[in-house]
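Presented below is the structure to which this report refers.
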Amino acid sequence: MNAAQWIEKADKYIMKTYGRYPLVPVRGEGCRLWDADGMEYLDFLAGVAVNNLGHCHPRVVAALQAQAAEMIHCSNYYHIPNQIALAELLCTHSFADKAFFCNSGAEANEAAIKLARKYSREKYGDPERYEIITALASFHGRTMATVSATGQEKVQKFFDPLLHGFSYVPFNDAEALAAAVSPRTCAVMFEPIQGEGGVVVPSVDYFRKVREICDRHGLLLIFDEVQVGMGRTGKLFAYEHFDVTPDIMTLAKALAGGAPIGAMLAKDDIAASFTPGTHGSTFGGNPLVTAAGIASIRALLEDGLLNRAEEMGEYLLGELERLQEKYAIITDVRGIGLMIGMELSVPAGDIVVKGLERGVLLNVAQDKVLRFVPPLVVTKQEVNEMIAVLDGILEEMK
């Protein structure tokens, strides 16, 4: 079937929860996708920061193929070797002592919310200590709890009543956070860098102040690294940039090289509040996805991809800044590693459409910000190719 036929069938059978572009990808390799009509595309979205290793990375493909021939799924009533090995990798390369596995970033954040509330009530003996402070313009997922935690009205619209127990403060404003803390507050949950919020990078000392506020009031600090973790910023975890250690961290997206997985990591004393029966996930951490997760982390650590993300991020940032000097429509370029935003003075949606027409996949966040999250294996030649297309589009808009 060609692309038009697939799209016609989708219109008939698929719920319209996404504003989909007229693209039907059927094959991927590295930073490239091919559609059902054989057209080739340069991918600077990477499945929304999922395909950090590129499409169909050989390590991940081999791990999935081998594991699928042995065992795809078994119950979490039993000990799963791949799950244990992945937990060990994550804990030994982070602040954490224990891991919980699920299937998505929203589920990981749900787990973090539940753990923070249970731990706080047990530690302080106060059933009213359950509120969590998050940031305006944040994004934490699409479940009812994570929609309630998300500081964006457009995400929450139509779904009230929301889950109570959340309040919101401006991101990168420590004074506002300090003022928002109340006797009911049990935790603070922030993205180290806001992705859906428009690739917003905080000041260097912001999270040190946040950590101090949390310590002063006995609050847990939760980092949502669903989008920014797993090498995206040039370090395995984004919190490493800010000289702070969270109490709980959530991961998903790139953790298993494209296979669906989520994880919540925590320190021992906090993780102890999750006792048998308090939380679970049927498919969480099954043998198949954890095999992919092991392969993905080993590729990041052993193949020089963290350094590559830093180097290529600096190169891409420089090329975008060069465009900023050329076009007044560009008001800001910002980011860390290969998570970069380019803010415009006008809506950026038309640029995404024009890019698609010219074989480059781009993405817009917060209406006026182009978000660049290519695979970490991207080359200078591929960056140059994207820049040339973007340059041509911006020239036409002058």
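Karplus-based coupling profile of region 90-100, in residue order and whole Hz: 5, 6, 6, 10, 9, 6, 7, 10, 9, 10, 10, with θ = phi - 60° in 6.51 cos²θ - 1.76 cosθ + 1.60 and x standing for Gly or Pro. Labels on offer are (1) 21.4, 67; (2) 21.0, 63; (3) 24.0, 76, and the one holding Rg and Dmax of the Cα atoms in Å computed from this structure is (2).
Any idea what the dipole of the chain comes to, in debye rounded to 20, about its Cα centre with Lys/Arg Cβ at +1 and Asp/Glu Cβ at -1? Kindly include the intermediate steps, with their values, before the conclusion.
Details: 37 positive and 50 negative charges, 167 e Å.
Its charge dipole is roughly 800 debye.
Sparse packing (at most 16 other Cβ atoms within 10 Å of the Cβ) combined with a DSSP loop state is found for the following trypsin sites (Lys or Arg not before Pro) in region 344-384: Arg358. Local charge for Glu225 was computed over the other residues whose Cβ lies under 11 Å away, with Lys and Arg +1 and Asp and Glu -1, and equals 0.
Among Met312, Met264, Met339, the residue with the largest mean-square fluctuation in a Gaussian network model of the chain, with springs joining Cα atoms closer than 10 Å, is Met312. Among beta bridges identified by DSSP and lying wholly in region 71-302, the antiparallel ones come to about 40 percent.
What is the sum of charges around Lys98, taking Lys and Arg as +1, Asp and Glu as -1, for the other residues whose C-beta is under 15 Å from the C-beta of Lys98? Residues near Lys98 contribute -2 overall.
With r as the distance between the Cβ atoms of Asp303 and Thr245 and R0 = 30 Å, compute the FRET efficiency 1/(1 + (r/R0)^6) and round to 0.05.
Values: r = 27 Å, r/R0 = 0.88.
So the FRET efficiency works out to roughly 0.70.
Here the gap between Val48 and Val61, fully extended at 0.36 nm per residue and compared with their Cα-Cα distance, gives a gain of 2.7 nm.
Looking at region 1-52, which chymotrypsin sites (Phe, Trp or Tyr not before Pro) are in a loop (DSSP not H, G, I, E or B) and have at most 14 other Cβ atoms within 10 Å? Before the final figure, lay out each step's value.
On the way: sites: Trp6, Tyr13, Tyr18, Trp34, Tyr41, Phe44; in loops: Tyr18, Phe44.
The qualifying sites are Tyr18.
Between Thr282 and Met39, residue separation times 0.36 nm minus the direct Cα-Cα distance comes to 83.6 nm.
When the chain is fully extended, how far beyond the present Cα-Cα distance does Glu70 get from Met144, taking 0.36 nm per residue of separation?
On the way: separation 74, 0.36 × 74 = 26.64 nm, distance 3.64 nm.
Stretched fully, the Glu70-Met144 segment lengthens by 23.0 nm.
Each DSSP beta bridge with both residues in the chain is either parallel or antiparallel, and the antiparallel ones are about 60%. Here the spin labels are modelled as points 7 Å beyond Cα on the Cα-Cβ line, and at His93 and Asp215 they lie 2.8 nm apart. A cut-off under 11 angstrom between Cβ atoms defines the neighbours of Thr275, and their net charge, with Lys, Arg +1 and Asp, Glu -1, is 0.
Are any of the pairs Lys154/Lys368; Lys98/Lys235; Lys154/Lys253 more than 18 Å apart by Cα-Cα distance, and if so, which?
On the way: Lys154/Lys368 15 Å; Lys98/Lys235 20 Å; Lys154/Lys253 22 Å.
In this structure, Lys98/Lys235; Lys154/Lys253 lie more than 18 Å apart at Cα.
For the chain, leaving out every one of the GluC sites (Glu not before Pro) that falls in a DSSP loop and has at most 14 other Cβ atoms within 10 Å, the longest unbroken run is 129-398.
Please report how far the C-alpha centroid of region 334-375 lies from that of region 93-132, rounded to the nearest whole angstrom. Result: 33 Å between the Cα centres.
We did not get these values from a lab; they are worked out from the coordinates using the rules stated. Every value quoted in this text rests on a predicted model; they were computed, and no experiment measured them. Glycine gets a Cβ as well: all are built from the backbone with ideal geometry, and neighbour counts include every protein chain shown.
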